[in-house]
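To keep things clear, I will list the structure first and then write my remarks on it.
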Amino acid sequence: MGLVDDIRILEAIVKTPTYRVYGVTSGRLIYRSTSEGASDIWSIDLRTLEKTRLTIGGVHGVAVPSEKSPLVIYTRDVTRGREQHQVFAIDCRGGEERKLADFTPMRIFGMAFDGKRVAFTAASEKEIALYLVKPDGSFEKLYSINTIASVSDLNEKYIVGSGMLRRNPLSSELFIYSFETGEFTVYTPRNGSINKYPKLSDSRMLFETNIWGRNRLAIYDIEEEKLSEAKFSEKDYDNYNPLAHVDYGWTKDSKIWTIGSRDGRSRVFLDGKWISLPAGFVSSVALHDEKLYATHSSLMTPYRVFEVDLEKLESRVIIDNRLPENIERRFGKAYFIKYKSFDGLEIPAYVAESNIASKPGPTIVYVHGGPWAEVADYWSVMIASLVALGYHVVAPNFRGSTGYGEEFRLMDIGDPGGGDLEDVVHARKWAVELGIASKVAIMGYSYGGYMTLLATGRYPDIWQCGVAGASVIDWEEMYGLSDALFKQFIDVLFAGRRELWKERSPITYVENVNVPLCIIHPQNDSRTPLKPVLKYISKLLKLGRTFEAHIVPDIGHAIVTVEDMFKILLPAIIFLRKYLK
Ligand code: 4NP
């Protein structure tokens, strides 16, 4: 197997399309896919299964469609990766895209559409605010929120959302904007609790809350000011006892559907009844006319779209996705494990073994981004590429990861690069002790790139090499380069403890790094800016360390095209072939 073969395998995996469904309107399922080279919006006619591509070149956010309108609403980055967005609309049956309103592009990060109006939250250089676009294209700032909070739904009466409205990094409240009174109010069932992503049904909000200990779904009636726990006719949901909710919503007849997750796998429930799909992860769902549409994947099987007949309880694949057999054969088993970290805390992780690596063999500790995210049993281009190319992958869900309840998620607040870094280091230890890993590299993107450089700087003797994409280098410098949203993000993550910035920045330990590094960075990244990375690179050069650096031109933090994903991963696999194998 030569390098050219590796590149062909990488190409096949990067080209494997991803799917996400949003909803149904005008007899069409609206979904998103990378099947034609960029993350674009498509619709599929549910009668004929004919697909129509709606956008070209990749989009950023997509609003859940409304059955009252054939329009699909979405945002695009209009600044080559700097994540300054505008809002667009297109008819789901095809046609020309049009810009919905004229405003200076902003970072838009939460959007809803009720068939007439579009509400969204956005950050500019200076402020975070709630905005509304009306059918005539008029654009209005409704409220200056100035804390991290995002819209999750709207109807004729209200816009609702959630975020750190009390400016407490350990809590999250709901907000309600009333069209009738123009008032913006904050609601929490209990001070200090975590409440997220309200979804409206008339004047009731369905949301996730931790007030009963673990994450549960609650309903709050805005007009009657009444809170209750969501109850279901069937018991499957309660028996499953999820740790987190991937998504949820109301059906037309006011029943509740939800995707619950546990230990990196998820299941769909409709009014408490489990709608059975293969083991793995259901990541998005749309309901329409006694049919449920869902995207499903696992670490070893790419995304497919299922249709479930809710009366007959039969399912079929309406969009299939198969890997070439010569690649499928390279995948070994993927499984969930827990290991103990330095302080005895149990850290959940996924292991994905390669069939073409020996055991113990070359292994990569893959560190996810976020940090409020997880590696679950779902398709990951990065993990699949590494496994297919002959590396075992161990992906820790270090403290601060989502999917395991709020107590676990909040454990990195006030301590980023502290306990979470130790968890990552202990993943390596575990993989060696269990006979999976011989040589071990560390790799990650964004917060994962940050962990990679911090780990190779603070524990230089335990890694064979490191691959760091879109990394955080220096918290102080990054803060100065951030917009209103990311300034607050950093303050929340550190719980205001700026005295930790230096100690927790990879630049502080650059002199300790003595293993080969592969640094990859988007040129126009506005979340983890390039400027501090260039400083880090010039220090490595001065120190005479082995490293390579790849600046990917004209792209930003979010990777939206297949070609850009290839540009990010290609240097990594060439590097790992030399320094890990
Ligand atoms: P992510 O990137 O891992 O893709 O979410 C990050 C961007 C910014 C920060 C952390 C992670 N930050 O703290 O500002």
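The values are calculated or read from the model by the stated rules, or taken from the named source; none is laboratory data. As the structure is a prediction and not an experimental result, all values here were calculated from the model. Every residue, glycine as well, gets a Cβ built from its backbone with ideal geometry; the counts of neighbours run over all protein chains shown. These accessible areas exclude ligands, DNA and RNA; they are computed on the full protein's heavy atoms, side chains included. Shrake-Rupley method; radii C 1.70, N 1.55, O 1.52, S 1.80 Å.
Computed values, structure above
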{"read-out": "When residues of region 309-348 are limited to those that are of a type in the set (S, T, Y) and not assigned by TED's automatic domain parsing to the domain that holds L292, the one farthest from W430 (Cα to Cα)", "value": "Y335"}
{"read-out": "Close pairs from region 220-233: first within 13 Å of S201 (Cβ to Cβ) and of a type in the set (V, I, T), partner open to solvent by less than 60 Å² (accessible area, probe 1.4 Å) and not in a loop (DSSP other than H, G, I, E, B), Cβ under 7 Å, at least 6 apart", "value": "I222/Y158; I222/I176; I222/M205"}
{"read-out": "Tabulated pairs, region 514-541, first within 18 Å of I574 (Cβ to Cβ) and in contact (Cβ under 8 Å) with a residue 12 or more places away in the chain, second open to solvent by 10 Å² or more (accessible area, probe 1.4 Å) and within 16 Å of the ligand (Cβ to nearest atom), C-beta under 7 angstrom, 6+ apart or interchain", "value": "H521/L530"}
{"read-out": "Only listed residue being surrounded by 19 or more Cβ atoms within 10 Å (Cβ to Cβ) and among the basic types (K, R), chosen from R304, R329, R316, R322", "value": "R304"}
{"read-out": "Region 489-500 residues that are within 9 Å of the ligand (Cβ to nearest atom), paired with ones that are hydroxyl-bearing (S, T, Y) (beta carbon under 8 Å, 6 or more apart)", "value": "F489/S482; I490/Y479; I490/S482"}
{"read-out": "Strands (runs of 3 or more DSSP E) contained entirely in region 158-263, each with at least 2 residues that are under 19 Å from S66 (Cα atoms)", "value": "158-163, 195-201, 204-209, 244-250, 256-262"}
{"read-out": "Total residues in region 162-181, condition in contact with a Leu (Cβ under 7 Å, 6 or more places away or on another chain) and of a type in the set (F, W, Y)", "value": "2"}
{"read-out": "In region 453-487, the residues that are over 19 Å from the mean Cα position of the chain (by Cα), within 10 Å of the ligand (Cβ to nearest atom) and of a type in the set (S, T, N, Q)", "value": "S482"}
{"read-out": "Residue within region 26-44 that is surrounded by fewer than 16 Cβ atoms within 10 Å (Cβ to Cβ), farther than 30 Å from L570 by Cα and aliphatic (A, V, I, L, M) present", "value": "no"}
{"read-out": "Those residues of region 77-108 which are surrounded by 14 or more Cβ atoms within 10 Å (Cβ to Cβ) and either touching a Phe, Trp or Tyr at 6+ places or on another chain (Cβ under 6 Å) or closer than 15 Å to E140 by Cα (or both), in sequence order", "value": "Q86, V87, F88, E97, L100, A101, F103, P105, M106, I108"}
{"read-out": "Count of region 103-157 residues which are of a type in the set (V, I, T), more than 22 Å from G81 (Cβ to Cβ) and part of a strand (DSSP E or B)", "value": "3"}
{"read-out": "Hits in region 389-398 - residues which are on the phi < 0 side of the Ramachandran plot and either open to solvent by 20 Å² or more (accessible area, probe 1.4 Å) or touching a strand residue (DSSP E or B) at 6+ places or on another chain (Cβ under 7 Å) (or both)", "value": "Y391, H392, V393, V394, A395, P396, N397, F398"}
{"read-out": "Residue count for region 501-534, restricted to those that are within 14 Å of the ligand (Cβ to nearest atom), hydrophobic (A, V, I, L, M, F, W, C) and either in contact with a helix residue (DSSP H, G or I) (Cβ under 8 Å, 6 or more places away or on another chain) or open to solvent by 20 Å² or more (accessible area, probe 1.4 Å) (or both)", "value": "3"}
{"read-out": "Selection count where residues are more than 16 Å from the ligand (Cβ to nearest atom) and not acidic (D, E), scope region 384-409", "value": "14"}
{"read-out": "Tally, over region 53-74, of residues that are open to solvent by 30 Å² or more (accessible area, probe 1.4 Å) and not in a loop (DSSP other than H, G, I, E, B)", "value": "2"}
{"read-out": "Qualifying helices (runs of 4 or more DSSP H) (wholly inside region 468-581; at least 3 residues being out of contact with any Ser or Thr (no Cβ under 9 Å at 6 or more places or on another chain))", "value": "484-493, 530-543, 562-579"}
{"read-out": "Residues located in region 194-211, provided they are without any contact (Cβ under 8 Å) to a residue 24 or more places away in the chain and touching a Pro at 6+ places or on another chain (Cβ under 8 Å)", "value": "T209, I211"}
{"read-out": "Residue among G496, G457 that is more than 21 Å from L299 (Cβ to Cβ), in contact with a helix residue (DSSP H, G or I) (Cβ under 8 Å, 6 or more places away or on another chain) and in the same structural domain as K535 (by TED's automatic domain parsing)", "value": "G457"}
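Conditions (1) part of a strand (DSSP E or B); (2) closer than 30 Å to S193 by Cα; (3) open to solvent by less than 20 Å² (accessible area, probe 1.4 Å), marked per residue:
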site	(1), (2), (3)
P371	no, yes, yes
M411	no, yes, no
P416	no, yes, yes
A431	no, no, yes
S438	yes, no, no
G448	no, yes, yes
T452	no, no, yes
